Each structure stands twice: as C-alpha cells, then as structure tokens.
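Let me begin by presenting the structure, written as structure tokens, before commenting on it.
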Amino acid sequence: MSQPLLSVKNLSIVYEVPNLDVVAVSRASFDVPRGSIVGLVGESGCGKTTMARAFTRIISDNAKITEGSMDFDGKDLAKISEREMNDLRWRDIAFVPQSAMNSLDPVYRVEYQMHEVLRGRGGMSRSQAKARAAELFEMVGIEANRLRDFPHQFSGGMRQRVAIALALALNPKLIVADEPVTALDVIVQRQILDQMRALQRDLGISIIMVTHDISVVAYICDRTVVMYAGEVVEDCETATLLSKPLHPYTMGLKNAFPDIASAGTGILTPISGAPPDLARPPAGCRFAARCPFALDHCRSVSPTLMSFGDDHSVACHRAHEAEALRAQAALPETWGEIL
Amino acid sequence: MLETTVPEGPVIRIFRAMKLPVGDNFAMAGLIIYVIFALTAIFAPVLAPYEPTEILYTVDYDLASDLLPGQEGHILGTTSLGRDIFSQIVFGARAALLVGLTAAFMVAFIGTIVGLISGYYGGWVDTILMRLADVAFGIPFLPFVIVISAFLEPSIWNTVIAMALVLWRDTARVIRSQVLTLRSRGYVEAARVSGSSDFKIILRHIAPNIVPLSLLYGSIAIGWAILTEASISFLGFGDPNSISWGFMLQDAFASQALSRQAYHWFIPPGLAIIFVVSAGFFISRGYENLLFPKLGR
Amino acid sequence: MTTPLVEVENAQLHYRVGSAVSAMMGLPSVVKAVDGISFSLNKGESVGLLGESGCGKTSMGRLLVRLENVTGGSARFDGAEISQLKGRALRTFRSRSQMIFQNPFDAVNPRYTLAKTMAEPLANAGIPKSEWRDRIIKALELVRLADPEQYLDRFPHQLSGGQLQRVVMARALILEPDFVVADEPVSMLDVSVRAGVLNVFREVRDKLGLTAIYISHDLALVRYVCERTIVMYLGRIMEDGPTEAIVREPLHPYTQALVAAVPTPNADQSHEPLPIGRGAPDPRNPPSGCVFRDRCPKAFDRCAAEVPASKKVGTRHVACHLFDEAG
Amino acid sequence: MSTLKPVLSRTFQLILVLWAVVTILFLMFRLMPGNPLAAYIDPTFTLEQQEALIRQFGLDESLLRQYFTYLGNLLQGELGYSFRYRTPVAERIWLLLPNTLILTFSSLIVAYIFGILAGAWLAWRRASRAEAFALPIVLATRAMPEFWLGMVLLAIFSFSLGIFPAGGTRSAGTEYESLWSLYTSADFLSHLALPMLTLAIYSQGLPLLLMRSNMLDVMKEDFVTMAKVKGLSPYTIVIKHGARNALLPVMTSFAISVGYQLQGNVVVESVFSWPGLGRELVSAVSASDYPLAQGAFLMIAVVVILMNLIADLLYTFLDPRISHA
C-alpha cells in the first residue's frame, strides 16, 4: 500500500484561555490516503474545525499545537518552519471555507482574487493567469465572463463554486473543506457535492471534508473519521461505518438521523445528555456519561484508538462486543428516555 | 465566560448594574476626572480663595493686575483687571457642569425617544422623524447656536436649548438602528406573539438594551456641549452673568494676553476644558468596549 | 364537516424594497414573499411547509401568528380575518395561536430568568399570579424537562440548546393554544439532541390535539413530524398532499428534484444528476408564468405564458401545466 | 442604470432638506424678538425715513408674502443687501468663500493624510506601548477647543518666536494682480500656516481613530484569514486587503468632515482674523446685519448639505456591494 498523503499522529491542540487550558483536539490520529475523500464528522465543539485549520497552521492566536505530528508528503506540518509551511499553503494544501461570502474580499472582483493566487503564489504571467482562471471557472461550471463580477453578485451556491475553483487554482494535493455545503439548500448542496466528487476523481486529489452531517459523509466520503469531544473515536471506510459501526456514539448518531429512504418513519432516538466541558474533561471515556453500554471501567480508564479488524480503528473498551451492542443499540429503549 | 471574582463593594455593584464601564482603565480615569470635576463645581465657593469677578488689590493697595502664578499668593496669578485666575477656573467648573449635564441630558433624552419611536413603529412616523433628522444634519451646528444665542437673550439656557435642537440627530439615528435590530430579535417577536403590548415590549425588552447606548451618547454630548459653550462665550455670545472657561479665554484674547505672553492666563482654562471633555471621551470609549466587545477598539 | 381552523385564501405578502424613485424608474421594487397561497387546516391537523430558503415558508408562518399582515387575499383563524383582529378578539387570538422559533438562544431574553420568560404570556392572558408557578412547572414537565424547578431561576446561557428549545416550546404551550407554528425548531441543534425535541413536539401535539404548521427545508424532518406537506417555491405552492405520497412519488418537477436531492445516511444512494437546472431562484425577479420554469427540465411554451393553477390529482394538489389534461 | 438611481433619489432628498433649512433660516431671522432694523434706525430718523427703510427691506408685508419673496429671490441667487456695507450680500460671500474653502480643504487634506497613516500604524502596533501613549493624546486633541489651540500656537509661533504672522491673509500694503497670484504667494501661505495647522491638529483624530478601529475590525474578517491560508505576503494582506477595506468609511468621512470643519472655522477664523465666511457670520450677527448673517449661514448650510450628499454618494460608489448591486 502506498504512503498516505497525510498522516496525523497524536495531535493535540490547546486553546489558552486565562487561568485555564481548553484541549480542543486531544491526541487525534488518522490517515488521509492519496486520491480519497475523508470525512471528519462530529457535533459542534468536537474539535473538527480546529483540527482542519491546523493543517494550514493558521489557527487562532491563543491556540497552540502542543504535541503530535502531521506528516504531509514527507514533511511534518507541526515542525517545519513558517517559511516552509507558507510554501505549502495553497500550492499543496488549499482550503474551502463554510461561507465563501465572508472569505472573499468584497471590494475586489473575483478575477482579481483569482489572479492574486495564480500570479502571486503560482508565479504565472498575466495572460497565463487569465487563461487558467477561465479554465477553473469552466471546471466548476460557471461562465468565464462572470470572473468580472464582485463576490456579492453571485448566489450562495455559485459563491461556493468560486471558492472551489480558487482552491483548485494551483493544483493542490489536498483540499481541506470546512462544512462547504452546510449553508446551502439541498438541491444546490447535492449539485456541489457531485461537482466536488467529479473534480476529485478527475484530478486525483485528496479532500478532507469537515461536516456535522452524516448524510453528506455517506454521499461523498470514502473514509470517515468520527470525532467526539476532541478525540477521534472511530475511523474506517464510510460503508463499514454505516453498516457495522463499532463505537456506541456512531451507533447513536445513526439512530438520531432521519432517513428518507427507509420504509416508514420509525422512531428517532436522541443521545441523552451533552458533551463534556473540554476545560474539565472527565476521567475515562468522554462518551461514558451518555453511553448506554458504559461500564465502571469506562468511567475511569480512557480507551485508546486501536485497530480493530481490517482498516478499522475505534476507541472503545467494548469494541469486541460490538455486534451484540449494535443489536441493542437499534432498539430505542436502550437509549433510555426518547423524549 | 470566565470572570475573575474580586470582592466588590456596593458602589462597584451599582456601577455594574448600570453597565458603567468599571474595569476599563480609560473609563475609570474618566470617571475619576468627572468626580473631581463635580466636586469642584459643587464646592466652588469653598475652594476658590476669591470671588471670580472681584477686582483685587495688592498689599500696597495697587491694582493686582497681571500677577504671575505664585505672586502675592495667587496660585495661577491674576488677569489684567486684577481678578484671581484660579478662582475663575474653579467657578468655571460650575458653568461647564451645568451646560454639560443639561445639554447631555436633553440630547440623550430627545434622541432616545425619537430613535425608539422611529425604530419601533416604522412606517410614516419613521419617515417623518428621519427626514427631520436629515434636516437637523443639514443645519450647521455652531452657526445655529451662535444665531440663537445672539438673538435670544444670551443665557446658558438658550445655548443649551439651541444645542439640543440640533444634536439629538446623532443619538436618534444610532438608537433607531439599534431598535430595528432588537425589534427583529426572537424574544421580542415571541413577546408580540404572546400578546405583550407595544408599551410593555418597549419597556421590558427594548429599553434595557438601549439605556447604555443613550448613556454613551450622553457622555459624548457632555464634551460637545462644554466645547460649544466655550466657543460661544469666546465669540462673545455667552451668558454675561456666568464665569465660564470660554469667557476667561475671551477675556484673555481681548486683553491681548497673547501678545503679552500671559501664558498663565489662557493656558489653564484650555487645559481644564481638555481635561473634562476628554474624560467624557474616555468614558464613552470604555462604554464602547463594553457594548461592542468584539470590535476591540 | 366542521369549518377549518386555519383558512388561507390567495394570501399575499409583498414587501416594498428600494425607494419610490426606483419604482418610478420601473426597476423591480417589490419582493413577493408570499404570492397567492391557498390552503386550509382542520382542527388537529399538522402540515409541513417545505421549501428552500427564500421560498416564503417562514413569511407564510409569520402571517398566521400575526407577526406580519397580508397585503392581499385573506388568512383566517377560526373564521376571523387575522389581520383585522382587535382588542379582546386579538387577545384571545394571541393565547390560542403560538410560535416556536428557530434559534432558541435568540428567542428568550438573555437578561431574564426562565421563570420570568415563561411568565410573560401568563401575565398577558391575565392569569392570576398565584397560579404562575404551578403552570410554569406544568409546562416544563410537558416538554419533558426533568426536575423543572431547577430551571426557574436560571438564565438562558446556563442551558444547552436542546434544553432551551424545550423551554421555548413550553412557553408557546403554557396557555394551551389550539394552533402552533414551529419555524425550523431543530435546525440550530446538534443531531444527537434533535430527535428528542422532535419526539417531544410530536407527543405534545397529540396530547393537546394541536393544529400545527412545521416549517422546514428538510423533507426527512417534515416526514417525521407531519402527515401532510405543502411544497413552496418562490412564494407559491407547487404541491400539497400526504407526505408519504410526496416522498414516494413526487408529481411536480420541483418536488421530484427536491426529493431526489435529500441526502440519506446510507452508503448505497443514487448519484444520478438531479432533474433540475442550475441557478438559483431570484425573488426580486421571478420568471413569468410558472416561477419554476427556468429551472424545470420539462418546461414548455405554456409555462412561460400562464401561471399554472392548482389542480387536484388523486389525493394531492399540484400547480403544474403537465397536469392540465389530467384534471 | 443602477448608478443613476442613488444620485437621483439622494438629490431629491437634498432639495427637500435644503428647502427645510431655508425655511428654518427665514423663520429664525424673521421671528426673532425686536425690530430687525433697530440697530440701523437712528433716533434722529424721521418717521417717514423709518418707514421708507422698512419698505425698502420689504418688512411691511405679511409674513407669508415675505417668505415667498425670499424664496423667489433665493432661486435667482439674490441674497439681499447688507445693512452695514450697503452692498449685495452675494458679492460679499463670493469674495470670502474661497478663503474659507482653502483653509478647510488644506487643513483636512493634511489631517487625513496624517490620520490615515498614523491610524493604520497604530492598528499594526495594537496593544503596544506606542498605542498606550498615543491614544490618550489623540483623544485629548479631540477634546481641545480649536480656538484655544489656535491661541496657543499664535502666542508661541507668532508673538513669542515671530515665525508666522498674527492674522489676516496678507501683510499690510501688499497687493496682488489676481487672486491666483495672491493664493500662491509665500506671504499668503505663511498667513495660512497657523490656522491651517490648528484645524489640522484638531481634525486628524477622526480619520486616525476611524482608520485604526476599521483596520482592527477588517483584520479579523474571514477573508483576511483566508489570505493567510492562501500564503499571500504580509504586504498584500495588510495593505491590499486590510487597509483597502478600512479606507472605505474613512473616505466618506472626509466629506462629512468638510461640513463639520466649516462650522468649526467660525471660531478659528475669528482667532486668526481670517477673512472667511465664519468670521463674517460672527461679525454680522454682532452688528445685527441680518441679511449678511443670513447669507453667510445659508452658504455654510449649503456646503454642509452638499457634503452630506457627497458622503452618501461616495459610499455608494466606492463600495462595490452597493454600486454593483
């Protein structure tokens, strides 16, 4: 098997708030294989966005990478100099933000912002940049004459396409997309996902797709990394994750999600409780307080992410019983009050 | 939200309840200056060694004119007519306090009411009030105050009213836009849906969010009013019966204090004005930090 | 049959945008948020208002709780025109018709304790103060907040989104209304707590026999909550009928695209291109005739010329020229 | 035609405001207590002479008639005759307006160039010692009475050091063939220096504080973060994105400042005996020369209103979000 494009090992990121440290990402590990789309899924505050930002090393002033490595094509993104990092930015690692509206400078035409990257970072001549910008717009399905427009003149979906075109500008190896379709309506969302999938296949790039929506992951991602309270709890191929999840949190998420393809509406089951305060994380497994299968052991000893079966990692003390737990998890009464 | 818990006295607690910007260095400096200023104004007769308009004589029965600071026990010296400059400064605080507070109150009051009504009710009421504000923005402020002060009897009150007639516009516009955002907040709409009357909604949900903003504009208006009164007095349209810092400067200017190098005469009133007006600015900055913390100004 | 509780007939909500001068110059200056909508709701019925952002679903909901007034047509509650209610009748209406808001953190005053928030409708309805505490606790129990007493003196920021949304729901239900408009009540919540709020909504609706409108952009959620769905696009109704039928066999080309686009949490889902053109609806400048025609793969001449009328097709109503012959 | 629309609707508004201000002005001067001619009617005048004077100024007609006469005259650019100079008011005002405009614009241009640069620099040096030192000083300059600053500068640079002249626009006895040769002469510029400096020091605070706070806001925008993620150079990030966006509101504030400055000029012109509109207004009011005071007031108001309009339009045109809607 070939080397993964990005290999994250034991990555921790800490926000330093006066008197207190909030560990937003805690010893996270996962790989991004070449030419694949990896979903990074979890609820708000689980650390997925912080981690995604860390791959560009543009994180907030009070955040620090405290340990671990991010091996990208032979270079550790956590260790290389700022100069080396800046060389990689956009040329090798590009970013698609959630809101393209706020991420494009409102006072410049899109063409200018395209050229800024193509010429400023790609070293192209004016005419080369012009041709490339038109080509990029064509790739994402926008007419080239709209390059002369200002960002606010595009609709939400179109702006997101512009952001994707910008990300593709310098032929990066990796695109980190932070909730790129969350703000869009389902129809546009689907069209953009289709486009991303097609481009990723044609160009052979890798994409990290940060999202809270398992159905987006199910639709587009080859692999999925599930995060909970700053930790990676499960990592495997998406199909496996959806059919044979090993972690109770993943099982619960699926139960809570309405599925329009199912025969009836059935009953949706919530996961009771709320994620822990990351400034004071509990001892043991962070999901234990909400987990119907938690044992005493789970509340005192923190499970580590372990390989389980082929290419499937999970951080759960009861992963070996997963099959039995899955059967129980399918029953709403397992999760206690459903109201 | 993490707040360090420092034991607080009752005064600090009251300040916090009023959303006064305690804890901000700028604002605290401003508040302290205001306290000194208010005490000076209140206790002026006690603090001032002489009557401000009294013509003084030296021990040798000469006119005590143009004395330098320290001479004959005059802290800041005397004017060319033999009046004690320090006493005038102390009494000037009274005029400034009076003008500043009344004008600021009127400006904040009118502006807040207009802004509230305009923003909450919208429609033609809003259109009329905002066109009025446009007109107020088209009136040159200082010339207007000059003309009013000169034509009506020159008095502090006429100056204050003239200022309030124009300056409400800024407050009204800001309050209006704030009310517009508040009006579309979910909890205000929830109150409407649950049947609360407009009066109740304004009183309970909107006004509490507006008051700090009114105070902010009030504290800016204090400075404006004091500066304007100084200009009016300097130009000779001021209240002849009150000693204000602007009047002192006019007196100095007209008495050739500049060519006679009488710095001790015209520097102190100017510093007094700067001191008090910038205190208002300091407080308003503190307020801004408190009201709009994200901006990090 | 009894008269419906809510009747909407050709309702319009047009906003004026831009100045009088731009209107004089013939520039588009009116947004038709709701443009000729008709439907009625029987007592105890719940219907989902489904559509993309800007389709007018929220405006429609706001008309029914009188946060807006119709600019044309009519919207009636229990036989009375909502925009004409005054005095006593209005006060009664306010206690019978309620709204659950989208963002729970915005829907309660951050300066108020939850008890104070909950007391507001009670005070407006003239309920004696001595009963407040009991009624508040009863309402909080209704939405299944465990141990409700502990919440009374708390402030909104001390609660999680899911808890707070239950409080918002409890406030809407405290006067035991007949009719509730829920505006995307779970869209701001995390997936793991959504189900709980939805289940509570279903439970109280059945328990109190509520007539309800559930506004959402998510067909899967609407399906979970409502048996009937109204699909809106640019201020008009495209399709109206039983949810299950719409999910299984959408008739209107727009509904077909919408149903095909809904993502599911399954690995084996269709990756077929959607049967819809690219582009976005522009509420300021909708196309002539059928508002959907510029994105419709099946549009033909008549679609540009005529606004399609609503036609009954089996259990459903569809506004599309493809069904002209059928009726 | 999207560019024509805001111009038309704003111009319409401007005309309304102008009409309202003109009306207020009329009422202000007509409804004031006392006979407007009191100062000019000598006790030795006979009754006929007094009445002739009253008729000459149209004061015997009804208020409404006077109002329409006044409006009609204004439309023809007719501002009446000065009581004092017995010359047309318009003539006097056109003579003084250039002096006021030169003073206003020169001081504001200096203030804005300094304020924008210093503001951007202070934003760059956020939370530094330089900031802690500079901010209170800037706030204090905003708290200064302009005329007092003028007095201090006058005392130091004119009376103590003798570097600059004490007032007026030219030295006694100097004559110039044209206004142009006057305005470009070294003598005029040395007269201009102190009042200009006074107003510039007072005015720089606004652009400085505005630029600084805008820069701080813009630097937190997503597109600036994205510029970093794109690996763009610090120059591109700070200048092309940060400063360019921060500059927008500062530019529109320039027009508004012209209006404000014109009002402030009233006092500073008096300190430096600068023969401009403001000083004329003060002396006309003191001498009860109503037509002249009214004319000067009106001229200042027209510039203020015009500048408010220009500020609006600048905002509309400079911000592509509005100009390319």
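Any idea how many residues of region A:86-103 are in a loop (DSSP other than H, G, I, E, B), surrounded by fewer than 20 Cβ atoms within 10 Å (Cβ to Cβ) and more than 8 Å from chain D (Cβ to nearest Cβ)?
Restricting attention to region A:86-103, the residues satisfying the condition of being in a loop (DSSP other than H, G, I, E, B) are A:90-92, A:97-99.
In the following step, the residues that additionally are surrounded by fewer than 20 Cβ atoms within 10 Å (Cβ to Cβ) were identified as A:91-92, A:99.
Subsequent filtering for residues that are more than 8 Å from chain D (Cβ to nearest Cβ) retains A:92.
Going through region A:86-103 one residue at a time, the tally reaches 1.
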When you scan region A:169-188, do you find a residue that is part of a helix (DSSP H, G or I), in contact (Cβ under 8 Å) with a residue 12 or more places away in the chain, under 30 Å from residue C:264 (Cα atoms) and in the same structural domain as residue A:56 (by TED's automatic domain parsing), even just one?
yes
Provide a single number: the residues in region A:187-209 that are touching a Gly at 6+ places or on another chain (Cβ under 6 Å) and closer than 17 Å to residue A:160 by Cβ.
2
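If you scan region C:262-309, which residues turn out to be basic (Lys, Arg) and within 13 Å of another protein chain (Cβ to nearest Cβ)?
The initial filter retains those residues of region C:262-309 that are basic (Lys, Arg), namely C:278, C:284, C:293, C:295, C:298, C:302.
Once the filter is applied, which keeps residues that are basic (Lys, Arg) and within 13 Å of another protein chain (Cβ to nearest Cβ), region C:262-309 yields C:278, C:284, C:295.
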Residues located in region C:238-279, provided they are of a type in the set (Lys, Arg) and more than 15 Å from residue A:191 (Cα to Cα):
C:248
Within region A:1-34, which residues are among the small types (Gly, Ala, Ser) and either in a strand (DSSP E or B) or in contact with a helix residue (DSSP H, G or I) (Cβ under 8 Å, 6 or more places away or on another chain) (or both)?
A:7, A:12, A:24, A:26, A:28, A:29
In region D:57-96, which residues are touching a residue at least 40 places away in the same chain (Cβ under 8 Å), closer than 23 Å to residue D:279 by Cβ and in a helix (DSSP H, G or I)?
D:89, D:90, D:92, D:93, D:96
Mind counting the residues in region B:269-284 that are more than 7 Å from every other protein chain (Cβ to nearest Cβ) and either out of contact with any Gly (no Cβ under 9 Å at 6 or more places or on another chain) or surrounded by fewer than 23 Cβ atoms within 10 Å (Cβ to Cβ) (or both)?
3
From (1) buried (at least 24 other Cβ atoms within 10 Å of the Cβ); (2) touching a Pro at 6+ places or on another chain (Cβ under 8 Å); (3) in contact (Cβ under 8 Å) with a residue 24 or more places away in the chain; (4) assigned to a helix (DSSP H, G or I), pick out the condition that doesn't hold for residue D:281.
(3)
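Every residue in region D:278-300 that is among the hydrophobic types (A, V, I, L, M, F, W, C) and within 9 Å of chain B (Cβ to nearest Cβ), please.
So the first thing to find is which residues in region D:278-300 are among the hydrophobic types (A, V, I, L, M, F, W, C), and the list is D:281-282, D:284-285, D:287, D:292-293, D:296-300.
Once the filter is applied, which keeps residues that are among the hydrophobic types (A, V, I, L, M, F, W, C) and within 9 Å of chain B (Cβ to nearest Cβ), region D:278-300 yields D:281, D:282, D:285, D:293, D:296, D:297, D:300.
Please enumerate the residues belonging to region C:226-241 that are under 20 Å from residue C:44 (Cβ atoms) and touching a Lys or Arg at 6+ places or on another chain (Cβ under 6 Å). Walk me through how you get there before you give the answer.
Residues of region C:226-241 under 20 Å from residue C:44 (Cβ atoms): C:226-230, C:240-241.
Listed by number, the list holds a single entry, C:241.
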If only one of B:253, B:247, B:237, B:266 is modelled with pLDDT of 85 or more, in contact with a Ser or Thr (Cβ under 6 Å, 6 or more places away or on another chain) and within 12 Å of another protein chain (Cβ to nearest Cβ), which one is it?
B:237
Consider residue C:140 carefully, then state whether it is within 14 Å of chain A (Cβ to nearest Cβ), in contact with a Gly (Cβ under 6 Å, 6 or more places away or on another chain) and either buried (at least 24 other Cβ atoms within 10 Å of the Cβ) or not in a helix (DSSP H, G or I) (or both).
no
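Rundown of residues vs (1) over 26 Å from the mean Cα position of the chain (by Cα); (2) surrounded by 14 or more Cβ atoms within 10 Å (Cβ to Cβ); (3) part of a loop (DSSP other than H, G, I, E, B); (4) not hydroxyl-bearing (Ser, Thr, Tyr), yes/no style:
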{"residue": "C:257", "(1), (2), (3), (4)": "no, yes, no, yes"}
{"residue": "C:269", "(1), (2), (3), (4)": "yes, yes, yes, yes"}
{"residue": "C:281", "(1), (2), (3), (4)": "no, yes, yes, yes"}
{"residue": "C:289", "(1), (2), (3), (4)": "no, yes, yes, yes"}
Checking residue C:224 against (1) within 13 Å of chain A (Cβ to nearest Cβ); (2) touching a strand residue (DSSP E or B) at 6+ places or on another chain (Cβ under 9 Å); (3) over 16 Å from residue C:97 (Cβ atoms), which single condition isn't satisfied?
(2)
State all residues of region C:228-253 that are under 21 Å from residue C:60 (Cα atoms), touching a Gly at 6+ places or on another chain (Cβ under 9 Å) and not in a strand (DSSP E or B); if no residue qualifies, say none.
C:234, C:235, C:243
Tell me which residues, restricted to region A:149-165, are more than 20 Å from residue A:195 (Cα to Cα) and surrounded by fewer than 20 Cβ atoms within 10 Å (Cβ to Cβ).
A:149, A:152, A:153
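I'd like to know if region A:330-338 contains one or more residues that are in a loop (DSSP other than H, G, I, E, B), farther than 16 Å from residue A:232 by Cβ and within 24 Å of the chain's Cα centre (by Cα).
Step one: of region A:330-338, the residues in a loop (DSSP other than H, G, I, E, B) are A:330-331, A:336-338.
In the following step, the residues that additionally are farther than 16 Å from residue A:232 by Cβ were identified as A:330-331, A:336-338.
If we keep only those that are within 24 Å of the chain's Cα centre (by Cα) too, we end up with none.
Checking region A:330-338: not a single residue is in a loop (DSSP other than H, G, I, E, B), farther than 16 Å from residue A:232 by Cβ and within 24 Å of the chain's Cα centre (by Cα).
Those residues that are assigned to a loop (DSSP other than H, G, I, E, B) and more than 10 Å from chain B (Cβ to nearest Cβ), I need them from region C:64-118; list them, please.
Within region C:64-118, C:68, C:69, C:70, C:71, C:78, C:79, C:85, C:86, C:113 qualify.
Out of B:148, B:128, B:117, B:110, which single residue is in a helix (DSSP H, G or I), more than 14 Å from chain D (Cβ to nearest Cβ), over 19 Å from the mean Cα position of the chain (by Cα) and surrounded by fewer than 23 Cβ atoms within 10 Å (Cβ to Cβ)? Before you say what the answer is, go through the steps one by one.
Working: B:148 fails: more than 14 Å from chain D (Cβ to nearest Cβ); B:128 fails: more than 14 Å from chain D (Cβ to nearest Cβ); B:110 fails: over 19 Å from the mean Cα position of the chain (by Cα).
Of B:148, B:128, B:117, B:110, the one residue that is in a helix (DSSP H, G or I), more than 14 Å from chain D (Cβ to nearest Cβ), over 19 Å from the mean Cα position of the chain (by Cα) and surrounded by fewer than 23 Cβ atoms within 10 Å (Cβ to Cβ) is B:117.
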Restricting attention to region C:215-255, report how many residues are under 19 Å from residue A:268 (Cα atoms), aliphatic (A, V, I, L, M) and out of contact with any Asp or Glu (no Cβ under 8 Å at 6 or more places or on another chain).
5
Inside region B:164-188, the number of residues satisfying the requirement of being within 14 Å of chain C (Cβ to nearest Cβ) and more than 12 Å from residue B:206 (Cβ to Cβ) is 1
Just to confirm my filter: which helices (runs of 4 or more DSSP H) fall fully inside region D:153-270 and include at least 3 residues that are touching a residue at least 24 places away in the same chain (Cβ under 8 Å)?
D:186-203, D:205-218
Consider residue C:121 against the criteria (1) in a helix (DSSP H, G or I); (2) touching a Leu at 6+ places or on another chain (Cβ under 7 Å); (3) within 14 Å of chain A (Cβ to nearest Cβ): it satisfies all of them except one. Which criterion is unmet?
(3)
If you check residue B:195 against the conditions, is it small (Gly, Ala, Ser) and on the phi > 0 side of the Ramachandran plot?
yes
What single numbered condition from (1) surrounded by fewer than 24 Cβ atoms within 10 Å (Cβ to Cβ); (2) within 14 Å of chain A (Cβ to nearest Cβ); (3) more than 21 Å from residue C:229 (Cα to Cα) fails to hold for residue C:175?
(2)
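Of a type outside the set (Phe, Trp, Tyr) and on the phi > 0 side of the Ramachandran plot - does that describe any residue in region C:158-166? Quick ask: steps written out before the conclusion?
So in region C:158-166, the residues of a type outside the set (Phe, Trp, Tyr) come out as C:158-166.
Narrowing the set further to residues that are on the phi > 0 side of the Ramachandran plot leaves none.
There is no residue in region C:158-166 that is of a type outside the set (Phe, Trp, Tyr) and on the phi > 0 side of the Ramachandran plot.
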If residue C:161 satisfies all but one of (1) within 23 Å of residue C:222 (Cα to Cα); (2) within 20 Å of the chain's Cα centre (by Cα); (3) within 11 Å of another protein chain (Cβ to nearest Cβ), what's the number of the condition it fails?
(2)
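The values are calculated or read from the model by the stated rules, or taken from the named source; none is laboratory data. Given the structure is predicted, the values throughout are model-derived calculations rather than measurements. Because the Cβ atoms are built from the backbone with ideal geometry, glycine has one as well, and the counts that use them run over all protein chains shown.
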